[in-house]
Amino acid sequence: MPLDQQIDQDEKDFRIVGQRPLRPDGIDKVTGRARFGADMNAPGMLVGRVLRSPHAHARIRSIDTSKAMALAGVKAVVTRDDFGPVDESLLDVMVNCMAQDKALYDGHAVAAVAATSASVARKALRLIEVDYEVLPHVTDVDEAMALDAPALYENAADESVPAGMSKNVVRRYEFGHGDVETGFAAAEVVFEQSFKTEATHQGYIEPHACLATLGPDGQGDLWVCTQGHFAVRNVCAALLGMDVSHLRVTSSEIGGGFGGKTTVFIEPVALALSRKANRPVKMTMSREEVFRASGPTSSTSMDVKIGMNSDGRITAAHAELRYQGGAFVGSPVEFGAMSAFAAYDLEHVKTVGWDVVTNRPKQAAYRAPGAPMAAFAVESVIDELCKHFDLDPMEVRLKNAASDGSTAAYGPAFGKIGLIATLEAAKNHPHYSAPLGPNQGRGVACGFWFNFGGQTCVSLNIQEDGTVALSVGTPDIGGSRASMGQMAAEELGIPYEKVRTIVADTASLGYNDISEGSRVTFSSGMATIQAARDAIEKLCGRAAQMWGIDEDAVIWEDGCAKPAGENAGKFEPMSLAEIAAVAANTGGPIAGHTEINADGAGQSFATHLVDSEVDPETGRVQILRYTVFQDAGKAIHPSYVEGQFQGGAVQGIGWALNEEYIYGEDGRLQNAGFLDYRIPVASDLPMIDAVIVEVPNPGHPYGVRGVGETSIVPPLAAIANSVSAAAGVRLTHLPMSPPRIRKAIKAGS
Amino acid sequence: MSQIHVSTTINGDATEYLCEADETLLDVLRDRLGMTGTKEGCGTGDCGACSVTVNGRLVCSCLVLGAEAEGQEVATIEGVADGETLHPLQKKFLEHAALQCGVCTPGFLVAAKSLLERNSDPSEEEVRYWLAGNLCRCTGYDKIIRAVLDTAQEMRSA
Amino acid sequence: MRYEAPRTLDQAVELLSAESGLARVLAGGTDLLVQLRSERIEPDLIVDIKRIDGMSAITAERGGFRVGAAVSGAALGEHEGVTALWPGVVEAANLIGSTQIQGRATMVGNLCNASPAADAVPALIAAGAQVAIAGPNGRREIAVESMVLSPGKNALEKGEIVESLYLPARPERSGDAYLRFIPRTEMDIAVVSAGVSLTLDEGGRITAARVGLGAVAPRPLLVEAAANAIVGTNLDEAALDALAAAASAACDPIDDKRGTIEYRIDVAGVLAKRAAKIAQTRAGGSR
């Protein structure tokens, strides 16, 4: 059986895929046995703590650590002097982990200590003397773009940025096709609106944590909660000047990431402390540190202009997007500009993105990075045009929807996609026609995400008792070990319970890209299927050997090798377990392996439908009903697909209504805790209905599309459309907190 | 600094430990007793990941001093299952896929168990408000609420 | 830092009086432990009062109730007598934090923490609660509205400790209510809050009222003008508007991460009206 053989997804009669078996890590997680980042200890372990800048922007004249080092129980102190030089490509990561000439944001790491206890470490931090020259700062994206804004860098812009702009504008991106001016000239109405969104945090419940051991022999071990332990290994090895193979990284159970655990913060610091102290060092961030000094997403300022005719057809669309990504180049504005109009099949479209630096923490990916904000602005303007022409918002979206073969606004032509299927499902759902009461409104919005594939390795070992050990290299961030086990069992024809899936460490597999880009079920799933097919080929070979017939004359069916063709029926079929039991006599252990760079991740689309009610006297919003319609390609484990839909929608609800980074005039973060960074709580919400649409992805053997990220793209827009309808006034600034809504209502009346 | 000697009961077992005056019960459980099932998500009582009960009362162990446990009955996630037998809530959380990353799960289970011991037939709203102090960022709470309601129903009919 | 858990009130007072450094009382700990962790305060002594006899008790007294300083929100909410007599006070106390916080947090701690936004305090002010204080110079009682001086500063002298709160008896046809505004449904600190207590005559006319406001000034307020606006009325629209106007006029709020000046002033009036209507209903009146 060729490894790349595809299944006709419409006809495949799945046995295990599409079922909802229990996850292999489940019992550990409901009994408290599962070990997360902070749950590992080592003999002789020290506690590491970080000293952070209280200033948003300051030159560091000097750092005196002598008093801290002299404190009993302090075993190591590190500062900028312990890092670098490094390759240009890793410079930003290093500077973010440990400030060099300047502290660039409130919370920027300036020094770190390793001590025998947390209380000694805390005392030691207070003994470190840092001489700061406080500099003017800027945290707002629009203010940072002003010509007289304090500049973080002298020369961070590349050639994409036109001359004469603020030094904080560091990149420009442009996408589109056609000629928007022609398109606008042909429109009956052109509507233009400006929008702002505040920065939000992924809000994973588990703070960053790691346990580092690096001895004088140069051999290192790192236990860490991360979405990508291979990437952590490579970055840490480079920052510490180690050979990659000398650092083994094990990914712990991970307590949420959503993109925020795709990079390093404390890990290189812990390794540096461990090397200096010659003892294991455990570091955990406090919640305050997580907010101040991990990687929230961008705040944005956006202008969107769309032309439409009374039949609902969009004639042209233009977006100007400005995203600040903190103190370093690399806000997700490029993805924002690529995705802004991706849901629509447009003749004339143009998006321009501006990447801006400010005195805020370096942004990290947050679930479909860059896309939710752009979708908020675009879908709000479409909603205004629907209102203007009194057109049904679902019909207008159907009329303009991207479909198979449409040229995406960011360049390529779409393959088989499911946007229209999600719109049709939403239109026909009872939710869409349910009655609304006073002060209530309904919002619709569509969303898109690219989905990625990437480097992936899997090892599938057939054990002598007929069970299967499946090693994957992508940390399990939402139940993926269950779906990998399902795909392996499906392919091998054995019960799901016979497969045990683990996430292997960096020494046990080739390089795996990070668990990001909605790639895990797609890529590791594809690699698992291929590894299973590799193993099946070997199993058939062993049977052929025992039967004394040609390998080609053996087929794999229902979990058994069977003689086929002219040998059919001549020998009793041999099960996987029977072949495995005698493997020692037929050539030794049997395993399947895959090392691929997975391609063909199908694009993903969703339509969200939401009802809300606004209290006009207080501006408070209650989400009344929420339904997600998203294309999953093929849902391997529908419960975890629904979970992604629901989780993304609720993160979007938080972003739309109450979550925001609030900086004071002093450039310090005002709400670095779950008390005032207000993520949704259980009592804020209704049930979130999840409708799985399946338009199989031709690029995956079972038709899988990633589902993790698209679910957060439509909510900001859908909720803004719903709240704007309920309040009777267009809300253009997220979050739509009660004071903002109340102010808009007062201004509107 | 002299340490405080504490005699207490944890999950029914008599337990003794030494702790600093400013050490929380959460620190004691995790760092001194190796009971890492109780998680720290915030350290300020805002997330519920460290939920335990003290004398049957649901609390955040990050807001209790280790010294306060003297003579009290503490119950943690490690005591929710009866040996090999999972508590009905644990089973239902698995069946309903009411966890994704699982780091909030111990806190939710301890809190939900405390609810069902007081109210065997809670409404959806009562479950949502009782669990409002337990943050979950993965699931949107939907499957958690369903799992708790389903458990309550099953336990009533058992 | 030392931790002490005395068995008697006198011992507690003695410990607090004798401490030359910073001393703090530990009841529920839900504010204190947060302050410890953030290193905002570093006390030399913590005195846990939960082992003192009577501190965790609720006792009937002169037609009202005495609530011990260590009574948790959860225990208060489970007390049928207090809940029946002062439902607004109980709902205010029960709004402090989550179920977990309720397992520990006390009304007295909420009061002594002296936050302008403390949930229990406006309701206690509306109720006319008295604070019983023990100290090196004996015992004293003060009105609850005198307790909070400014953010973080209370009226206790060195060595003093709050022993209990007294919720008075009340005439027939009385009711109280507390409302706070928060962006979420739980877990937030009040952006604005209002407690109203009132008594009706047989005709449904308001004969007495007290209005407390929170989070709109450096300390929780007793707003007599707001009470005066409804006394003598049946809480008709004009009276409600006058109440709202008086409540808003009493506000002296700040702009912060939780709300704006304008918003707080507006919503204080809205909440005072809504709370008054609930209190009226509870008193058996109708509009």
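The values are calculated or read from the model by the stated rules, or taken from the named source; none is laboratory data. Worth saying up front: this structure is predicted, and the values here are computed from it rather than measured. Every residue, glycine as well, gets a Cβ built from its backbone with ideal geometry; the counts of neighbours run over all protein chains shown.
Quick one: in region A:663-688, which of the residues that are away from chain B (no Cβ under 11 Å) and part of a loop (DSSP other than H, G, I, E, B) is surrounded by the fewest Cβ atoms within 10 Å (Cβ to Cβ)? So that I can check it myself, show each step before the final result.
First pass over region A:663-688, keeping only residues away from chain B (no Cβ under 11 Å): A:663-671.
Filter once more, keeping what is part of a loop (DSSP other than H, G, I, E, B): A:664-668, A:670-671.
Working: A:Gly664: 14, A:Glu665: 7, A:Asp666: 12, A:Gly667: 23, A:Arg668: 19, A:Gln670: 15, A:Asn671: 19.
So, considering only residues that are away from chain B (no Cβ under 11 Å) and part of a loop (DSSP other than H, G, I, E, B), the one surrounded by the fewest Cβ atoms within 10 Å (Cβ to Cβ) is A:Glu665.
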Worksheet item: Quick one: how many residues across region A:30-57 are assigned to a strand (DSSP E or B) and either within 14 Å of chain B (Cβ to nearest Cβ) or among the basic types (Lys, Arg) (or both)?
Response: 5
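Taking strands (runs of 3 or more DSSP E) that do not extend beyond region A:58-153, which have at least 3 residues that are surrounded by fewer than 18 Cβ atoms within 10 Å (Cβ to Cβ)? I'd like the intermediate steps shown before the answer.
Numbers: elements: A:58-64, A:74-78, A:109-115, A:129-134.
So the answer is A:58-64, A:129-134.
Mind telling me which of the residues C:Ala249, C:Ala244 ends up being within 14 Å of another protein chain (Cβ to nearest Cβ), more than 30 Å from B:Glu126 (Cβ to Cβ) and not in a loop (DSSP other than H, G, I, E, B)?
Numbers: C:Ala249 fails: within 14 Å of another protein chain (Cβ to nearest Cβ).
Going through C:Ala249, C:Ala244 in turn, just one is within 14 Å of another protein chain (Cβ to nearest Cβ), more than 30 Å from B:Glu126 (Cβ to Cβ) and not in a loop (DSSP other than H, G, I, E, B): C:Ala244.
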Practice prompt. Run down A:Phe389, A:Phe376 and say which single residue is under 30 Å from A:Glu288 (Cβ atoms) and hydrophobic (A, V, I, L, M, F, W, C).
Written response: A:Phe376
Worksheet item: Within region C:45-60, how many residues are touching a strand residue (DSSP E or B) at 6+ places or on another chain (Cβ under 7 Å) and modelled with pLDDT of 95 or more?
Response: 10
Worksheet item: Just a yes or no: is a residue in region A:202-216 farther than 30 Å from A:Met736 by Cβ and surrounded by fewer than 19 Cβ atoms within 10 Å (Cβ to Cβ)?
Response: yes
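Can you find even one residue in region A:440-451 that is under 24 Å from A:Gly652 (Cα atoms) and within 14 Å of chain B (Cβ to nearest Cβ)? Spell out how you get there, then give the answer.
From region A:440-451, those under 24 Å from A:Gly652 (Cα atoms) are A:440-451; that's our starting set.
The next check asks that each one be within 14 Å of chain B (Cβ to nearest Cβ); those that pass are none.
For region A:440-451, residues under 24 Å from A:Gly652 (Cα atoms) and within 14 Å of chain B (Cβ to nearest Cβ): absent.
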Discussion item. Take the conditions without any contact (Cβ under 8 Å) to a residue 60 or more places away in the chain and either farther than 19 Å from A:Glu198 by Cβ or more than 22 Å from the chain's Cα centre (by Cα) (or both) and apply them to A:Ala408. Does it pass?
Written reply: no
Worksheet item: Applying the selection to region A:599-629, what residues are out of contact with any His (no Cβ under 9 Å at 6 or more places or on another chain) and over 22 Å from A:Cys446 (Cα atoms)?
Response: A:Asp599, A:Val614, A:Asp615, A:Pro616, A:Glu617, A:Thr618, A:Gly619, A:Arg620
Worksheet, complete the sentence: Given the conditions (1) crowded, with 18+ Cβ neighbours inside 10 Å; (2) touching a residue at least 60 places away in the same chain (Cβ under 8 Å), every one holds for C:Glu61 apart from (1)
Response to the item:
Those residues of region B:120-157 that are more than 12 Å from chain C (Cβ to nearest Cβ) and in contact (Cβ under 8 Å) with a residue 40 or more places away in the chain come to a total of 10
Worksheet item: Does C:Gly54 qualify as being farther than 30 Å from A:Ala121 by Cα and either of a type in the set (Ser, Thr, Tyr) or surrounded by fewer than 18 Cβ atoms within 10 Å (Cβ to Cβ) (or both)?
Response: yes
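When region A:225-252 is examined, which residues are found to be touching a Gly at 6+ places or on another chain (Cβ under 6 Å) and crowded, with 19+ Cβ neighbours inside 10 Å?
Restricting attention to region A:225-252, the residues satisfying the condition of being touching a Gly at 6+ places or on another chain (Cβ under 6 Å) are A:225, A:227, A:246-247, A:252.
Matches in region A:225-252: A:Cys225, A:Gln227, A:Leu247, A:Ser252.
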Worksheet item: Out of region A:458-515, which residues are at pLDDT below 95 and out of contact with any helix residue (DSSP H, G or I) (no Cβ under 9 Å at 6 or more places or on another chain)?
Response: none
Discussion item. Just the residues that are β-branched (Val, Ile, Thr) and surrounded by 24 or more Cβ atoms within 10 Å (Cβ to Cβ), please, taken from region A:265-286.
Written reply: A:Ile266, A:Val269, A:Val281
Discussion item. Looking at A:Ala121 and the list (1) small (Gly, Ala, Ser); (2) under 30 Å from B:Leu86 (Cβ atoms); (3) over 32 Å from the mean Cα position of the chain (by Cα), which single condition is not satisfied?
Written reply: (2)
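Out of region B:100-119, which residues are closer than 13 Å to A:Gly32 by Cα and at the interface with chain A (Cβ under 7 Å from one of its Cβ atoms)?
Going through region B:100-119, the residues closer than 13 Å to A:Gly32 by Cα turn out to be B:101-110.
The answer is B:Cys101, B:Gly102, B:Val103, B:Cys104, B:Thr105, B:Pro106, B:Leu109.
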Discussion item. Of a type outside the set (Lys, Arg), in contact (Cβ under 8 Å) with a residue 24 or more places away in the chain, closer than 24 Å to B:Thr24 by Cβ and away from chain B (no Cβ under 12 Å): is that true of C:Val25 in this structure?
Written reply: yes
Practice prompt. Considering only residues that are outside any helix (DSSP H, G or I) and more than 13 Å from chain B (Cβ to nearest Cβ), look in region C:7-20 and name the one that is farthest from A:Gly673 (Cα to Cα).
Written response: C:Thr8
Fill in: helices (runs of 4 or more DSSP H) lying entirely in region A:302-402 (those with 3 or more residues that are more than 20 Å from A:Phe258 (Cα to Cα) and in contact with a helix residue (DSSP H, G or I) (Cβ under 6 Å, 6 or more places away or on another chain))
A:371-389, A:393-400
Worksheet item: Within region B:78-102, which residues are over 22 Å from B:Gly140 (Cβ atoms) and touching a strand residue (DSSP E or B) at 6+ places or on another chain (Cβ under 9 Å)?
Response: B:Glu78, B:Gly79
Item to complete: Please go through region C:254-265 and pick out each residue that is under 22 Å from the mean Cα position of the chain (by Cα) and either away from chain A (no Cβ under 13 Å) or surrounded by 23 or more Cβ atoms within 10 Å (Cβ to Cβ) (or both).
Response: C:Arg258, C:Gly259, C:Arg264
Worksheet, complete the sentence: If we ask which residues in region C:164-176 are in contact (Cβ under 8 Å) with a residue 40 or more places away in the chain and under 15 Å from C:Ile206 (Cα atoms), their number turns out to be 5
Item to complete: Would you be able to tell me the number of residues in region C:137-163 that are of a type in the set (Asp, Glu), in a strand (DSSP E or B) and free of Cβ contacts under 8 Å to residues at least 60 places away in the same chain?
Response: 1
Fill in: Pair list, Cβ under 8 Å, 6 or more apart: region B:44-57 residue at the interface with chain A (Cβ under 9 Å from one of its Cβ atoms) and on the phi > 0 side of the Ramachandran plot, other residue among the β-branched types (Val, Ile, Thr) and in a loop (DSSP other than H, G, I, E, B)
B:Gly45/C:Thr30
Worksheet item: Scanning region B:1-27 for residues that are within 15 Å of the chain's Cα centre (by Cα) and buried (at least 22 other Cβ atoms within 10 Å of the Cβ), which turns out farthest from the other protein chains (Cβ to nearest Cβ)?
Response: B:Ile10
Discussion item. Pairs please, first residue from region A:1-24 and at pLDDT below 95, second anywhere and assigned to a loop (DSSP other than H, G, I, E, B), Cβ atoms under 6 Å, 6+ apart in sequence or on different chains.
Written reply: A:Gln6/A:Pro701; A:Ile7/A:Pro701; A:Gln9/A:Pro696; A:Gln9/A:Gly703
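Within region A:278-294, can you find the residues that are assigned to a helix (DSSP H, G or I), within 11 Å of another protein chain (Cβ to nearest Cβ) and farther than 30 Å from A:Pro216 by Cβ?
Once the filter is applied, which keeps residues that are assigned to a helix (DSSP H, G or I), within 11 Å of another protein chain (Cβ to nearest Cβ) and farther than 30 Å from A:Pro216 by Cβ, region A:278-294 yields A:Arg287, A:Glu288, A:Val290, A:Phe291.
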